[in-house]
1. Between rounded, prolate and oblate, where does segment 1-144 land on the alpha carbon gyration tensor, with a ≥ b ≥ c its root eigenvalues, rounded for a/c under 1.5, else prolate if a/b exceeds b/c?
2. Kindly express, to the nearest 10 degrees and within the range 0 to 90, the angle between helix 149-162's C-alpha long axis and the longest C-alpha principal axis of the chain.
3. Would you mind telling me which residue in 171, 202, 231 has the biggest mean-square fluctuation in a Gaussian network model of the chain, where springs connect alpha carbons within a distance under 10 angstrom?
4. Quick one: angle between helix 41-52 and the longest Cα principal axis of the chain, in degrees between 0 and 90, rounded to 10, please.
5. Need one word for segment 1-52: rounded, prolate or oblate. Basis is the Cα gyration tensor (sqrt eigenvalues a ≥ b ≥ c); a/c below 1.5 gives rounded, then a/b vs b/c decides.
6. Can you compute the helix-only [θ] at 222 nm over the chain? Use -39500 (n - 2.57) per DSSP H run of at least 4 residues, normalise by all residues, nearest 500 deg cm²/dmol.
7. Sequence gap at least 6, Cα distance under 8 Å: using those rules, report the relative contact order of the chain to the nearest whole percent.
8. What residues of segment 126-156 lie in the reach of a label at residue 177, counting those whose backbone N is under 19 Å from a point 7 Å from the Cα along Cα→Cβ?
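Coordinate-derived values only; no laboratory data. The structure presented is a predicted model; accordingly, all values stated were derived computationally and were not measured. Cβ placement follows ideal geometry from the backbone for every residue including glycine, while neighbour counts extend to all protein chains displayed.
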């Protein structure tokens, strides 16, 4: 969801390409993008290709783009568009059954690379039209989760009405970065860092976030949610906590 957006072309699709290049995607996987932009399958592929060629050769990129498709909707709550998407998914799944036993399951993973104010309507449209008839359906929702605590509670309550807890995954992609995941190990498995990273040796800490581009298509999103909600109170503070927190204590 949000296939034509900034996050999708810079993060989501390149990550899926990396899985594809290393043969980590299940066989016969197809990737459908959904957004409001008026694009064809080929338009989406042409838009993504420059970002994908940065780390992979053209042959690998083209083989990945061949499994990428696109569905346009008038909005993220467009019931008819999700019904059309479901029809296309069923065609792919039926084709798979020619190669597998008839009881073969088809799982569907929906990634919400969209603003939180449309999470609820998107979830409802998926619930009504696009859940997997044979296999699991899971929703990955990306931060921020609303504008404040009250809107977050409202959002999560609404999603809870449509999906069970084991169908919902709440994530922040920064915590998935390899260097961020390695911070605790680097600190506490290396004696030099464990001793030096303390208030006895460090006077102050500066957190610097740099991007070589402007809002570039994200202006509407930032106007509504703000740069502080998007980056500071989650990305940067989470990294700061990993740098400054005490070693986790194992409880038996």
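1. Working: a/c = 1.64, a/b = 1.07, b/c = 1.54.
Oblate, because a/c is 1.5 or more while a/b does not exceed b/c.
2. Orientation of helix 149-162: about 30 degrees from the principal axis.
3. Of 171, 202, 231, the Gaussian network model singles out 202 as fluctuating most.
4. 20
5. Details: a/c = 1.93, a/b = 1.60, b/c = 1.21.
Prolate, since a/c reaches 1.5 and a/b exceeds b/c.
6. Details: 11 runs with 105 residues, N = 252.
Calculated from helices alone, the mean residue ellipticity at 222 nm is -12000 deg cm²/dmol.
7. On the way: 245 pairs, mean separation 39.3, N = 252.
Answer for the chain is 16 percent.
8. 142-145
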